[in-house]
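Structure first, then comments.
The values are calculated or read from the model by the stated rules, or taken from the named source; none is laboratory data. Quick caveat, the model's predicted, so the values are computed rather than measured. Neighbour counts are summed over all protein chains in view; Cβ atoms, including those assigned to glycine, are modelled from backbone coordinates with ideal geometry.
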Amino acid sequence: MSHQDLFLTFTVAENRKENYRAQTLVLDAPLPAAQPGQFIMAWLPGIGEKPFSVAAADPLTLTIAAVGPLSEALCRLPIGARLWARGPFGQGFKLEGKKLLLVGGGYGAAPLRFLAQEGLRVGAKVCVCLGAKTADDLLLAEAFRSLGCTVWTATEDGSAGLKGLVTGAVEAALRDFRADGLYACGPKPMLLALVELCRKHELPGQFSWEALLRCGLGLCGNCELDEETCKAAGIPTGWLTCKDGPVSFLSSPGR
Ligand SMILES: Cc1cc2nc3c(=O)[nH]c(=O)nc-3n(C[C@H](O)[C@H](O)[C@H](O)COP(=O)(O)OP(=O)(O)OC[C@H]3O[C@@H](n4cnc5c(N)ncnc54)[C@H](O)[C@@H]3O)c2cc1C
């Protein structure tokens with residue numbers, strides 16, 4: 001058994017409101033081995049255990065949307081409360097090139113914040129496109145701006161940024177920003193649209209997929225990505241989101 005299979009105990013050092021339903025929990029210790037795109041399994045006894053992306057590793061930081069029993073309980077944790085985590089798990093993003101285009105939908109912004117920090121640290125230029133239903137649902141736009149990223153937003157109702165889906169913001173951003181690669185995290189329909197957009201622009205892409213993930217270790221098979229998605233995204237069938245992913249890679253023949 002490796003140390004990754006064992007629970008580490010953390011204490012909440014800060015609990016910050018990000019929007020009407022998302023909080024950022026800053027914990028009291030680092031998770032030094034964690035890479036952008038990897039996740040931890042967070043556990044609250046009596047409530048449950050689920051995957052959450054590493055939003056920063058030092059100290060370990062999670063950004064959580066309150067949508068159900070576990071995420072609501074995590075978002076309500078007061079300073080000083082304990083939570084348990086095992087990990088880091090999964091294959092994260094690989095930083096390639098000097099011009100990174102990051103695309104997030106929903107809580108998909110969480111791992112991208114860590115990626116943006118790492119990209120900026122090694123001297124890359126980082127442009128971020130964020131999509132949401134309304135202005136109130138946008139997540140971490142200010143956080144990306146204050147890191148030094150260029151930020152484009154798109155909302156379905158037009159209440160902030162461009163009106164429509166995030167793919168419209170990506171097309172607009174690509175007119176000014178000659179990206180070396182696209183890095184995305186969010187709901188499946190968004191990722192599938194971005195796979196097509198990468199093919200159209202001959203742009204290499206990295207995509208972090210959502211799945212119902214249980215063991216986190218590649219044992220239970222619960223998080224196998226469906227065949228149709230694998231086919232559309234150029235992923236081998238039988239791909240396990242927890243162990244083979246959550247990030248998949250699409251190369252570009254043109255680069
Ligand atoms: C690799 C990976 C990384 C993840 N990282 C994060 C993260 O950084 N932050 C985060 O908040 N979540 C993240 N999740 C989702 C998280 O694991 C849980 O699924 C989520 O918090 C809901 O769990 P719950 O028990 O609170 O609610 P559930 O009872 O599981 O869900 C309640 C209801 O909300 C719906 N739902 C679930 N997730 C969402 C959502 N994001 N938006 C809208 N509706 C939803 C469900 O379909 C269900 O109807 C990640 C998932 C994966 C697979």
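Checked against (1) of a type outside the set (Gly, Ala, Ser); (2) closer than 19 Å to residue 18 by Cβ; (3) touching a helix residue (DSSP H, G or I) at 6+ places or on another chain (Cβ under 7 Å), residue 134 passes all but condition (3). For the condition at pLDDT below 95, out of contact with any Gly (no Cβ under 7 Å at 6 or more places or on another chain) and surrounded by 14 or more Cβ atoms within 10 Å (Cβ to Cβ), residue 8 qualifies.
Among the residues of the stretch 69-87, those identified as at negative phi and either among the aliphatic types (A, V, I, L, M) or at pLDDT below 95 (or both) are 70, 73, 74, 77, 79, 81, 83, 85, 86. Can you confirm whether the stretch 77-89 contains a residue that is basic (Lys, Arg), touching a residue at least 24 places away in the same chain (Cβ under 8 Å) and buried (at least 17 other Cβ atoms within 10 Å of the Cβ)? Within the stretch 77-89, one or more residues are basic (Lys, Arg), touching a residue at least 24 places away in the same chain (Cβ under 8 Å) and buried (at least 17 other Cβ atoms within 10 Å of the Cβ). You will find that of 120, 102, 130, the residue that is part of a helix (DSSP H, G or I) and either out of contact with any Asp or Glu (no Cβ under 7 Å at 6 or more places or on another chain) or touching a residue at least 60 places away in the same chain (Cβ under 8 Å) (or both) is 120 and no other.
Within the stretch 95-152, the set of residues being at positive phi and away from the ligand (no atom under 14 Å from the Cβ) comprises 97, 123, 148. Is it the case that residue 92 is modelled with pLDDT under 95, small (Gly, Ala, Ser) and within 16 Å of the ligand (Cβ to nearest atom)? It is false that residue 92 is modelled with pLDDT under 95, small (Gly, Ala, Ser) and within 16 Å of the ligand (Cβ to nearest atom).
When the residues of the stretch 198-218 are filtered to those that are within 15 Å of residue 50 (Cα to Cα) and among the charged types (D, E, K, R), the one that is farthest from the ligand (Cβ to nearest atom) is 214.
Taking the criterion of being within 12 Å of the ligand (Cβ to nearest atom) and over 15 Å from residue 23 (Cα atoms), the residues of the stretch 43-84 that qualify are 43, 44, 47, 48, 49, 50, 51.
For the subset of the stretch 219-250 comprising residues that are within 13 Å of the ligand (Cβ to nearest atom) and of a type in the set (Asp, Glu), which member is nearest to residue 37 (Cα to Cα)? Across the stretch 219-250, the extreme among qualifying residues is 244. All conditions in (1) touching a Leu at 6+ places or on another chain (Cβ under 7 Å); (2) closer than 18 Å to residue 140 by Cα; (3) modelled with pLDDT of 95 or more hold for residue 114, with the sole exception of (1).
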